[in-house]
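Report on the structure given below.
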Amino acid sequence: MGKDNRVRLIDYPRQNKRGVRRWLPSWKLALGTSATLVVGLVAGFVVAVATVEIPKPNEDALQQATIFTYADASTQITHIGTNRRPVTFDQIPLVMRQAVLAAEDRTFYSDPGVSPMGLLRALKNDLTSSGGGNLQGGSTITQQFVKNYYLNQQQTFSRKLNEILVAVKLDQVESKDVILTDYLNTIFFARGAYGIESASLAYFGLDITQLTDPAKAAYIAAVIQSPYYYATADKDPKALKALQDRWKYVLDGMVAEHELSAQQRATLQFPTPIKYEPDDMGGMNGYMVDAAMQNLDRLHEKDPSVPDSNAVGRGGYTVVTTFRQDYMQAAKNSVDERMSTLDSNKPQDRNVHIGMASVDDKTGAVLGFYGGPDYLKQGFNDAFSAAGPLGDDVEKALGSVVPTDHYQDAGIDYIPGTRALATTPLRAAAAMSSMGNGYQYNQPYEVSEILQNGQVIWRAQPQSDNFWNNGDTTIAPVRQFTPFKSSISGADVPKWWAWSMIDYNGVTTAANMFATPPDGKGNRALLGMTGGYDSNLNHVLYSYVSDIRK
């Protein structure tokens, strides 16, 4: 048999070698094979990056809070939904951005969306199981953003590979500033806060534009690593120690990156965040939100372009109410002070309710009210929903400003089977307010503006009705009280409902008082109450008015 002289593309098994050496690849073959694999992997990665599509954002990542504010449009009442308030890059102070980069990704502005060294460390930990059974991250800020904004939290190789590909692709099509801004608007900081603006408010009560203290910036940046754990720092000494160590790490990183001098670093003290109140619907807040939501639903029925409570509840709006913070606080103070004089051991002093509302004579805007002691304990709003008979004196006063054929327009009803009038404090105040407005009745309202993405999309237009077309009427006698413009009080015959109303300085306030039996069904007489029902109610009203005119 002749000698085979064909040239072999790959000399393996090796010719001219015997024994074990025949099966050991030459260094040329080993090097060539390795190079081919590397080129293949690189080419495959390049193709994968080029063909991968950036997914649509997660629905959860897009959710925002709806903010309810007082009438000044800046003081927050509360929020509902996901507490996220997106801000722009320029709104985030430089020191805050520097602190985040020092904490999470010091090579952010130079890396290609991923960190090769970080990936190698993560791979080593995964292969050696030093990660406690979970896949390690090795994640850049871009990767963290991709995971939270586009993907999910699954700890699988396929999800991690997709994260890397999308991160590199995103780094190619978006600027670093945009990625950093979107990241800071997305991440969770505990305390119910999503995004840097909500975090700044939750921890220090500051808009992010005001957070220029490096110590506070480092605190918020430190929280990113383990928000749930660090949120317990006020109760858990170990969590506090860990948070303080992380805070120091962030500041040291800022020094290392020449963004903070060592001298400045030495002067900084670990900051104390504000107290966290987790339930923002307690106390008066829930009543205000509920009143605003009902107003929106009424508006939506007439004009579908106005977002209703369902739309607002999904988030992304700012609802500016008509409520003034000083009026709301004064209402609570006056009722609490008088209620504290009642004796809970005395049956006649139990289960007493007071509802009160103030309306601007010129516009109908509801400036303040008292609906109950705590929305979470009593959802029923005594100011807006507790409708009771007015009694002769109050009925005559209302009859002097609202003609019979306009009772329904003013929210005043006849009690079935009688000719007695009944209404709520809100409706009584709105009706009586027309006396201070040339008998021009304004429908009461609780929402003045709605904003979306910082732009006003709806603004209230007061709705008025001139009950007396010729402007001529005979006013029933109204008792005068200096320095108040006018006031009236009274009760129905069985003394189940007491009323007091006052008009002062362009604002009309109406208050009622009623009491329920132990089972909470129906009403009982107010007789026998400590201090007297009429004196108590008048005291509440005058104390309230005296407070708001200071």
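Values in this text are rule-based calculations from the coordinates and carry no lab data. In this text the structure is predicted, and so the values were computed from the model without any measurement. Virtual Cβ from ideal backbone geometry, glycine too; neighbours counted across all protein chains shown.
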(message) Explain nothing, just compute: Karplus ³J(HN,Hα) = 6.51 cos²θ - 1.76 cosθ + 1.60, θ = phi - 60°, for every residue of the stretch 262-274 in order, whole Hz, x for Gly and Pro.
(response) 4, 5, 4, 4, 5, 8, 7, 10, 4, x, 9, x, 6
(message) Amide H of Ile457 versus every other amide H placed in the peptide plane: which residues, excluding those fewer than 5 positions away on the same chain, fall under 5 Å?
(response) Ile450, Leu451, Gln452
(request) With θ set to phi - 60°, apply the Karplus curve 6.51 cos²θ - 1.76 cosθ + 1.60 along the stretch 166-173 and write out the HN-Hα couplings as whole Hz, x wherever there is a Gly or Pro. (result) 5, 4, 5, 5, 4, 5, 7, 9
(request) Between beta-carbons, use under 14 Å as the cut-off and find the net charge around Leu243, counting Lys and Arg +1, Asp and Glu -1. (result) +4
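Would you please put 339-351, 361-373 in order of how densely packed they are, using the mean number of other Cβ atoms within 10 angstrom per residue and starting with the highest?
In descending order of packing, they fall as 361-373, 339-351.
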(message) Could you derive backbone 3J(HN,Hα) for the stretch 66-76 from the dihedral phi with the Karplus parameters 6.51, -1.76 and 1.60 (θ = phi - 60°), listing whole Hz in sequence and x where the residue is Gly or Pro?
(response) 9, 9, 10, 10, 6, 4, 6, 6, 10, 7, 6
(request) Could you tell me the distance between the Cα centroids of the stretch 322-384 and the stretch 67-116, to the nearest Å? (result) 38 Å
(message) Can you give me the long-range amide H partners of Val507? Hydrogens built in the peptide plane at 1.01 Å from N, cutoff under 5 Å, separation of 5 or more residues or another chain.
(response) Asp361
(request) Would you mind counting up the charge near Trp497? Only other residues with Cβ under 13 Å from its Cβ, with Lys and Arg at +1 and Asp and Glu at -1. (result) -4
(message) At a 10 angstrom cut-off on C-beta neighbours, averaged per residue, how do the peptides 212-218, 107-113, 352-358 rank from highest to lowest?
(response) 352-358, 212-218, 107-113
(message) For Thr140, what residues show an amide H to amide H distance below 5 Å, using hydrogens built from the backbone and excluding near sequence neighbours?
(response) Ser115
(request) Net charge near Ile208: determine it from the other residues with C-beta under 10 Å of the C-beta of Ile208, scoring Lys and Arg +1 and Asp and Glu -1. (result) -1
